[in-house]
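In what follows, a single structure is set out as structure tokens and then discussed.
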Amino acid sequence: MDLLSNVLNQYNVTNAQVFEIRDKGKKTVWQVNLGDKKMVLKKMPSSVAQTKFITDAASHLISAGVRIPKLVKTKSQKNFASANDLAYILMEWVGGKKPDYNRDTEAILSSLAAFHRGSLGFNPSSGSDCRSHLGTWPESYQKKKNQLQAHFQHARELRDKDEFSEIFLQNSELAFARIAQAVKRLEKSDYKEWLELVRTRGGLCHQDFTPKNLKMQSDGGITVFDLDSITVDIPARDLRKIINKILKKEGSRKVKTLKLIAAVYQDNYPLTKGQWEVVAADLLFPHLFCGVVDKYYLNRAPDWSLGKYVEKLKQSIRTEINKEEVILQILEQTVNKH
């Protein structure tokens, strides 16, 4: 508590009631009550320099009208406090309910479009550690392909193959085919042109724009939380992550929802046909399949049972089977309608 008192003193917050909300080791969150005022204090999992980048981005987005919890300034007018080489952010408390992809599709995608639009003009300040994925896609695709090939070779050489390895080997051809399709499509797309556009005018991606990090307000607007993973990149990154989550859960049965997602985003922040081709390329890449295979063979989720790994793998395979037909249909209709 002495450390917390030191941190809160930097905000000139004394005699406050502090309650721990959650502790994930590197990241801890507390509720801070000061009289009638309720706030949130967060120990950041990132370095001080990275936190500077995150709070710079938050300040820019807030000034652009994006709904993000307001940062409380320290006594020295900084966006965060630091102690023992750790960074702490104090924010206003924002209530509301968690939105739902199906029920609140339009509100969520309108908010994502506003987030991307509001990021225009952002430039990280000196002294900040800027996180960027700009221009890294080809290298990332190749790295994931190499990792998948290594896992494939390892699985083939196993003397006693378990259920996961058997299913992986049986479906690896589809995964490698998807990688080839994605690479070919990206090479023919406007990816490089889009990169230059973001380099010129700025651009941020949230990277985890999901209901758990969103709160719907009484007026129907959405407040965006948890910018810990925010990065500089083209908007396609966030679109792919959202669409993949829907495909993973519901597959082709949710074509109507997927069409609405693309249409609402296009209405609020129009992309060119060439930019939608970039989105299509990234959607075709088997990110989910590669992710679960990596987790299994590199033991990145030691608390998962073999059964859970197998179900996650089967889920990713179901996602891949009809992906090309579904995604291309959605994107083509979106472009043609606009």
Check whether at least one residue in region 157-176 is at positive phi and not aliphatic (A, V, I, L, M), and report yes or no.
-> no
(1) touching a Pro at 6+ places or on another chain (Cβ under 9 Å); (2) surrounded by 21 or more Cβ atoms within 10 Å (Cβ to Cβ): which one isn't true of Tyr269, the others all being true?
-> (2)
What number of residues in region 108-125 are open to solvent by less than 30 Å² (accessible area, probe 1.4 Å) and more than 14 Å from Pro235 (Cβ to Cβ)?
-> 1
Residue satisfying condition, being modelled with pLDDT of 95 or more, crowded, with 18+ Cβ neighbours inside 10 Å and not hydroxyl-bearing (Ser, Thr, Tyr), within set Ile167, Ile179 | Ile179
Can you name the residue in region 156-204 that is outside any loop (DSSP other than H, G, I, E, B), within 24 Å of the chain's Cα centre (by Cα) and polar (S, T, N, Q) and, of all such residues, is farthest from Ala58 (Cα to Cα)?
-> Gln181
When residues of region 205-226 are limited to those that are more than 15 Å from Ile54 (Cβ to Cβ) and part of a strand (DSSP E or B), the one farthest from the chain's Cα centre (by Cα) | Met216
Test: Lys256 is open to solvent by 20 Å² or more (accessible area, probe 1.4 Å), in a strand (DSSP E or B), over 23 Å from Gln170 (Cα atoms) and charged (D, E, K, R) | no
Considering only region 1-100, give the strands (runs of 3 or more DSSP E) lying wholly within it that have at least 2 residues that are open to solvent by less than 60 Å² (accessible area, probe 1.4 Å) and either in contact (Cβ under 8 Å) with a residue 12 or more places away in the chain or hydrophobic (A, V, I, L, M, F, W, C) (or both).
-> 28-34, 37-43, 81-83, 86-92
Taking only region 100-131 into account, find how many residues are modelled with pLDDT under 90 and basic (Lys, Arg).
-> 1
Which residue pairs have Cβ atoms under 8 Å apart, sit 6 or more places apart or on different chains, and have a first residue in region 104-124 that is assigned to a loop (DSSP other than H, G, I, E, B) and a second that is among the aromatic types (Phe, Trp, Tyr)?
-> Pro124/Phe53
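The values are calculated or read from the model by the stated rules, or taken from the named source; none is laboratory data. Small disclaimer: the values here were computed from a predicted structure and weren't measured. Quick reminder, even Gly has a Cβ in these numbers, built from the backbone with ideal geometry, and neighbours come from all protein chains shown. Accessible surface is based on the protein model in full, side chains and every heavy atom, while ligands, DNA and RNA are left aside. Shrake-Rupley method; radii C 1.70, N 1.55, O 1.52, S 1.80 Å.
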